[in-house]
């Protein structure tokens, strides 16, 4: 009788290991849908190209030129790609901002190179750095102000990037996490419906085993303490099913408790734009119109040189203000 019982235990252990390994792989390489969410697909008008990144690799990038001297780097979230960024890039482009978005290598399409595992910052931050380097050196963007806009994982990466990049003038962050440790714990409870203990520790252990990196080691709140001189619009849904609103409150305090903080009623994770589209776009454009004021420039009008000051003449129409 002991042999069948022992075989049963072994089989059960193997089954658990297989399930755990499968779950870990799914978390590290989640499906990546083409998620426009009702936004226009700007792939048709954007310039697509590749930006070099470390070790001879490159990221796919899409750029839409604007008429303002301001360009936005828009970063997508976990399990998404650049198509998700068009919901924000579309209204920014309509308002005259230039827009650059990328696919993180952890969300890259088949045929674009070896896909990397999602690491909650380790692989994604170098991709964002490469995109920022392109913005700094593109001849047509010399003299432009740079802003960063990120949702979820992309919002966390935007904060990490800005903390080391003083030339990012302002940020919009929707549904970012304060620490990846707490993000894993919250997602275990809120999304996977599993107890935080021991699920979060198991997820971190599997992440280390598969990638050699601790997915719970990213501390965005610590980076945000270096952003007390930068304007940031923080957005978070009250009913976020992945991250508690405690994350945005912690980030807001870390950045100096000086910035606009919009806790969105009834909204889930990154659902605010879909639920309150007009208000969302108004708040973002009004914030950027006040936060980013490039220096005085000169332009030719009817053969004359005249000074033009920010805010841009289109600010009132773009932000929805009368």
Quiz item: Which one of the conditions (1) farther than 27 Å from residue 289 by Cα; (2) buried (at least 20 other Cβ atoms within 10 Å of the Cβ); (3) out of contact with any helix residue (DSSP H, G or I) (no Cβ under 7 Å at 6 or more places or on another chain); (4) modelled with pLDDT of 95 or more does residue 108 fail to meet, given that it meets all the rest?
Solution: (4)
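Farther than 27 Å from residue 208 by Cβ, in contact (Cβ under 8 Å) with a residue 60 or more places away in the chain and in contact with a strand residue (DSSP E or B) (Cβ under 7 Å, 6 or more places away or on another chain): does that describe residue 74? Before you say what the answer is, go through the steps one by one.
On the way: farther than 27 Å from residue 208 by Cβ: yes; in contact (Cβ under 8 Å) with a residue 60 or more places away in the chain: yes; in contact with a strand residue (DSSP E or B) (Cβ under 7 Å, 6 or more places away or on another chain): yes.
In short, yes.
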Quiz item: residue 244 fails exactly one of the following numbered conditions: (1) assigned to a loop (DSSP other than H, G, I, E, B); (2) in contact with a helix residue (DSSP H, G or I) (Cβ under 6 Å, 6 or more places away or on another chain); (3) surrounded by 20 or more Cβ atoms within 10 Å (Cβ to Cβ). What is the number of that condition?
Solution: (3)
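In region 204-222, which residue that is assigned to a helix (DSSP H, G or I) and within 22 Å of the chain's Cα centre (by Cα) is surrounded by the fewest Cβ atoms within 10 Å (Cβ to Cβ)? Let's see the steps before the verdict.
Taking region 204-222 and keeping what is assigned to a helix (DSSP H, G or I), we get 204-211, 220-222.
From what's left, within 22 Å of the chain's Cα centre (by Cα): 204, 207, 211, 220-222.
Working: 204: 18, 207: 24, 211: 17, 220: 26, 221: 21, 222: 13.
Looking at the filtered set, the residue picked out is 222.
Looking for something surrounded by 16 or more Cβ atoms within 10 Å (Cβ to Cβ) and either over 21 Å from residue 272 (Cβ atoms) or without any contact (Cβ under 8 Å) to a residue 12 or more places away in the chain (or both) - is there at least one such residue anywhere in region 228-236?
Here is the first cut: in region 228-236, the residues surrounded by 16 or more Cβ atoms within 10 Å (Cβ to Cβ) are 230-236.
With the extra rule that they be either over 21 Å from residue 272 (Cβ atoms) or without any contact (Cβ under 8 Å) to a residue 12 or more places away in the chain (or both), the set shrinks to 230.
Looking through region 228-236, at least one residue is surrounded by 16 or more Cβ atoms within 10 Å (Cβ to Cβ) and either over 21 Å from residue 272 (Cβ atoms) or without any contact (Cβ under 8 Å) to a residue 12 or more places away in the chain (or both).
Just for region 169-198: of the residues that are without any contact (Cβ under 8 Å) to a residue 12 or more places away in the chain and touching a helix residue (DSSP H, G or I) at 6+ places or on another chain (Cβ under 6 Å), which one is nearest to residue 263 (Cα to Cα)?
So in region 169-198, the residues without any contact (Cβ under 8 Å) to a residue 12 or more places away in the chain come out as 189, 192-198.
Then drop every residue that is not touching a helix residue (DSSP H, G or I) at 6+ places or on another chain (Cβ under 6 Å), which leaves 189, 194, 196.
On the way: 189: 21, 194: 26, 196: 24 Å.
Of everything passing the filter in region 169-198, 189 is nearest to residue 263 (Cα to Cα).
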Quiz item: Which ones in region 250-262 are out of contact with any helix residue (DSSP H, G or I) (no Cβ under 7 Å at 6 or more places or on another chain) and on the phi < 0 side of the Ramachandran plot?
Solution: 252, 253, 258
Self-check item: Failed item, numbered, when residue 163 is tested on (1) under 26 Å from residue 293 (Cβ atoms); (2) more than 14 Å from the chain's Cα centre (by Cα); (3) surrounded by 20 or more Cβ atoms within 10 Å (Cβ to Cβ)
Solution: (3)
Quiz item: What tally of residues in region 29-60 results from selecting those that are touching a residue at least 12 places away in the same chain (Cβ under 8 Å), in a helix (DSSP H, G or I) and either on the phi > 0 side of the Ramachandran plot or in contact with a helix residue (DSSP H, G or I) (Cβ under 6 Å, 6 or more places away or on another chain) (or both)?
Solution: 2
Quiz item: In region 77-92, which residues are out of contact with any strand residue (DSSP E or B) (no Cβ under 6 Å at 6 or more places or on another chain) and closer than 20 Å to residue 119 by Cβ?
Solution: 78, 79, 80, 81, 84
Quiz item: Among 120, 141, 135, which is in contact (Cβ under 8 Å) with a residue 24 or more places away in the chain and crowded, with 24+ Cβ neighbours inside 10 Å?
Solution: 120
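With the structure loaded, tell me whether residue 150 is under 23 Å from residue 28 (Cβ atoms) and part of a helix (DSSP H, G or I) or whether it fails that test.
Values: under 23 Å from residue 28 (Cβ atoms): yes; part of a helix (DSSP H, G or I): no.
So residue 150 fails the test.
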Practice problem: Would you mention how many residues in region 92-118 are farther than 15 Å from residue 172 by Cβ and either in a loop (DSSP other than H, G, I, E, B) or under 15 Å from the mean Cα position of the chain (by Cα) (or both)? | Solution: 18
Self-check item: Scope region 247-264; condition part of a loop (DSSP other than H, G, I, E, B) and in contact (Cβ under 8 Å) with a residue 12 or more places away in the chain; matching residues
Solution: 255, 256, 258, 259, 260
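Inspect region 80-91 for any residue being over 13 Å from the mean Cα position of the chain (by Cα), in contact (Cβ under 8 Å) with a residue 40 or more places away in the chain and either more than 27 Å from residue 213 (Cβ to Cβ) or assigned to a strand (DSSP E or B) (or both) and give the result as yes or no.
Applying the first criterion (over 13 Å from the mean Cα position of the chain (by Cα)) to region 80-91 yields 90-91.
Filter once more, so that each one left must be in contact (Cβ under 8 Å) with a residue 40 or more places away in the chain: 90-91.
Okay, now just the ones that are also either more than 27 Å from residue 213 (Cβ to Cβ) or assigned to a strand (DSSP E or B) (or both), so 90-91.
The answer is yes, given that some residue of region 80-91 is over 13 Å from the mean Cα position of the chain (by Cα), in contact (Cβ under 8 Å) with a residue 40 or more places away in the chain and either more than 27 Å from residue 213 (Cβ to Cβ) or assigned to a strand (DSSP E or B) (or both).
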Quiz item: In this structure, does residue 312 turn out to be modelled with pLDDT under 95, farther than 20 Å from residue 86 by Cβ and buried (at least 20 other Cβ atoms within 10 Å of the Cβ)?
Solution: yes
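The values are calculated or read from the model by the stated rules, or taken from the named source; none is laboratory data. Everything quoted here is computed from the prediction, not taken from an experiment. Reconstructed Cβ throughout: ideal geometry from the backbone, glycine too, with neighbour counts over all protein chains shown.
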